[in-house]
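Inspection log for the structure reproduced underneath, given as structure tokens.
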Amino acid sequence: MSQLDADQFPVRTFGGPTALFEYGGLRFLTDPTFDGPGDYPSSGPTLTKTAPSTATPADLGPIDVVLLSHDEHADNLDISGRALLTNVPLTLTTPGGGERLGERAEGLADWETVELERPGGGTITVTAVPAIHGPGPREEVEPLTGQVVGFVLTGEGLPTVYVSGDNASLDAVKEIAERFTPVDTAILFAGAPRFPMLFDGNLIVLDSAQAAEAARILDVRRVVPVHHDSWAHFTEGRDELEAAFTAAGLADRLDQEWTQRA
């Protein structure tokens, strides 16, 4: 892949947190969710999916690696997604998820790395990066919402890519920026999800204004927003994201394909 091609690699989004991209000759999928609309009970609040995905697993073609922010919530890994994992050579996820999901899954703690062989030679480094699924310190959040992990992808001649996962912490973003700024492409989970019974209704993933601030902190060239549609607990969507990035003077950072997909 040439540097020009690397800078322009497309990211396809399918609703919720699910996105597909080719990077360094490998095909990556984030948080696979392909089940239909309906209610999905969980250990906490019931999650309600409001719209179908825009593709099925059969539409995707072969996937080399799944980047799974966490496995414990149906809006990040559903029944169809779990079935898809059985046909994927490698799933990278949280330490707990690595234990739960079997031999094809590898759990990574913060700043752990995995080297992936590229088809044409060379390697891709995937670094696990901090993510906190709610407000406050990790030790207070994880007992309620579980472990979450983000990812940074790097490689010689390749752009730096950040996949945030279900992160609500700008402090975590600042930690990542200290090691990886500037970031070429950020797949940012947003949507401002809230539940009245969790953390007094405070955010459990970034809202639109925070997503724009994360883009500024990381000095991102391109942002592909995900995790902002298709579920009832997402309280901000495309309109709020576009307004927030415009207000921050960062509208030009939003991925052109995403903005045209209205």
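Just so it is clear, none of the values below were taken in a lab; they were calculated from the coordinates. Because the structure is predicted, anything quoted here is derived from the model rather than measured. FYI the Cβ positions are ideal-geometry reconstructions off the backbone, even for glycines, and counts take in every protein chain you see.
The table below lists the values:
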item: Residue exposure sequence - SER42, SER208, SER80 - by fewest surrounding Cβ within 10 Å; result: SER42, SER80, SER208
item: Fewest-first sequence of VAL152, VAL205 by Cβ atoms within 10 Å of each Cβ; result: VAL152, VAL205
item: Cβ crowding within 10 Å averaged over residues, with 135-141, 24-30, 185-191 ranked highest first; result: 185-191, 24-30, 135-141
item: Efficiency of FRET from Cβ geometry, GLU257 and GLU117, R₀ 45 Å, rounded to 0.05; result: 0.95
item: Cα-based shape type of the chain, given that a ≥ b ≥ c are square roots of the gyration tensor eigenvalues and the cut on a/c is 1.5; result: rounded
item: Distance (nanometres) between label positions extended 7 Å along Cα→Cβ at ALA247 and ARG27; result: 4.0
item: The range 120-186 versus the range 221-262: alpha-carbon centroid distance in Å; result: 19
item: Antiparallel bridges, percent of DSSP beta bridges restricted to the chain (to nearest 5); result: 60
item: 10 Å beta-carbon shell around GLY96, net charge (K/R +1, D/E -1); result: -3
item: The chain, helix-only ellipticity at 222 nm - DSSP H runs n ≥ 4, -39,500 (n - 2.57), divided by all residues, nearest 500; result: -6500 deg cm²/dmol
item: Global form of the range 92-183, assessed from the alpha-carbon gyration tensor, a/c cut-off 1.5; result: oblate
item: GLU103 versus ARG216: modelled label distance in nm, points set 7 Å from Cα along the beta carbon direction; result: 5.0
item: Euclidean distance between Cα centres, the range 67-83 to the range 31-47, Å; result: 9
item: Approximate spin-label separation ASP239-THR56, in nm, with each point projected 7 Å along Cα-to-Cβ; result: 3.3
item: Likely footprinting exposure, ASP200, ASP71, fewest C-beta neighbours within 10 Å first; result: ASP200, ASP71
item: Amide H partners (placed H, <5 Å) of ALA186, local residues excluded; result: TYR162, ARG222, VAL223, VAL224
